[in-house]
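Written out below as structure tokens is the structure these notes cover.
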Amino acid sequence: MARGDPPPPPTRLADPSVRMCAVVAGFHRAIAERLLEGAQARLADSGLPEGALDEHWVPGAFEAPLAAQALARTGRYAAILALGAVIRGETPHFDYVCDAAASGLLRVGLATGVPCAFGILTCDTLAQAEARAGGDVGNKGQEAADAAVAMVNLLATASAPARPTGFRAP
């Protein structure tokens with residue numbers, strides 16, 4: 001999406017009876033809240049009923065994979081949205097936290113089969129994070145919601161039993 005372009009229309013959730021949750025890193029709380037608001041609005045537009053998105057706050061992005069893993073293992077959620085922001089400082093800490101969050105969330109999705117949408121901003125400056133949390137670059141929380149809906153729909157289709165080609169009932 002280019003600057004100033006409106007987001008594409010939301011994908012409709014094929015099964016609106018599912019539940020999702022957001023794991024929200026609270027370190028840059030104002031940014032995280034804006035990402036969460038964007039995700040909530042987009043999920044509502046996609047057909048997720050009010051009250052079907054649970055919020056779970058964690059201290060920072062580093063803690064998001066463990067929380068996502070514990071929540072995925074409950075079997076309650078069709079998808080998990082990881083939201084938050086990591087902003088580069090003067091030390092390599094940024095690189096370690098970003099790598100741990102991204103690779104950890106990927107591993108959770110692969111190990112549990114529950115999609116983990118990556119809505120954690122990895123920015124060089126606070127201004128970049130603000131622009132991506134409802135500013136002139138859009139809201140990456142909305143994009144994480146779109147990814148969650150797309151994956152829930154895909155996995156529901158992929159797990160449906162296939163009919164053999166040429167099969168005829170007796």
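For this structure, a couple of remarks:
- The residues listed here are Thr91, Thr74; of these, the one that is modelled with pLDDT under 95 and not basic (Lys, Arg) is Thr91.
- Scanning segment 73-84 for residues that are buried (at least 22 other Cβ atoms within 10 Å of the Cβ) and either more than 13 Å from the chain's Cα centre (by Cα) or part of a loop (DSSP other than H, G, I, E, B) (or both) yields Tyr77, Ala78.
- Per the conditions (1) buried (at least 22 other Cβ atoms within 10 Å of the Cβ); (2) out of contact with any helix residue (DSSP H, G or I) (no Cβ under 6 Å at 6 or more places or on another chain); (3) outside any loop (DSSP other than H, G, I, E, B), the sole criterion not satisfied by Ala41 is (1).
- Thr157 at pLDDT below 95, over 27 Å from Ala41 (Cβ atoms) and of a type in the set (Val, Ile, Thr): no
- Residue match in segment 59-68 (condition: among the acidic types (Asp, Glu) and surrounded by fewer than 16 Cβ atoms within 10 Å (Cβ to Cβ)): no
For every residue, the table says whether it meets (1) out of contact with any helix residue (DSSP H, G or I) (no Cβ under 6 Å at 6 or more places or on another chain); (2) closer than 21 Å to Ala131 by Cα; (3) hydroxyl-bearing (Ser, Thr, Tyr).
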site	(1), (2), (3)
Pro16	yes, no, no
Arg19	yes, no, no
Val24	no, yes, no
Ile31	no, yes, no
Arg34	yes, yes, no
Glu37	yes, yes, no
Gly51	yes, no, no
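- When Thr91, Thr112, Thr125 are checked against the criterion of being among the polar types (S, T, N, Q), surrounded by fewer than 21 Cβ atoms within 10 Å (Cβ to Cβ) and without any contact (Cβ under 8 Å) to a residue 12 or more places away in the chain, a single residue qualifies: Thr91.
- Yes/no for Ala30 being assigned to a helix (DSSP H, G or I) and buried (at least 20 other Cβ atoms within 10 Å of the Cβ): no
- Some residue of segment 100-114 being over 16 Å from the mean Cα position of the chain (by Cα), among the aliphatic types (A, V, I, L, M) and either in a loop (DSSP other than H, G, I, E, B) or within 29 Å of Pro16 (Cβ to Cβ) (or both): yes
The values are calculated or read from the model by the stated rules, or taken from the named source; none is laboratory data. None of the values given here were measured: they were computed from a predicted structure. Neighbour counts are summed over all protein chains in view; Cβ atoms, including those assigned to glycine, are modelled from backbone coordinates with ideal geometry.
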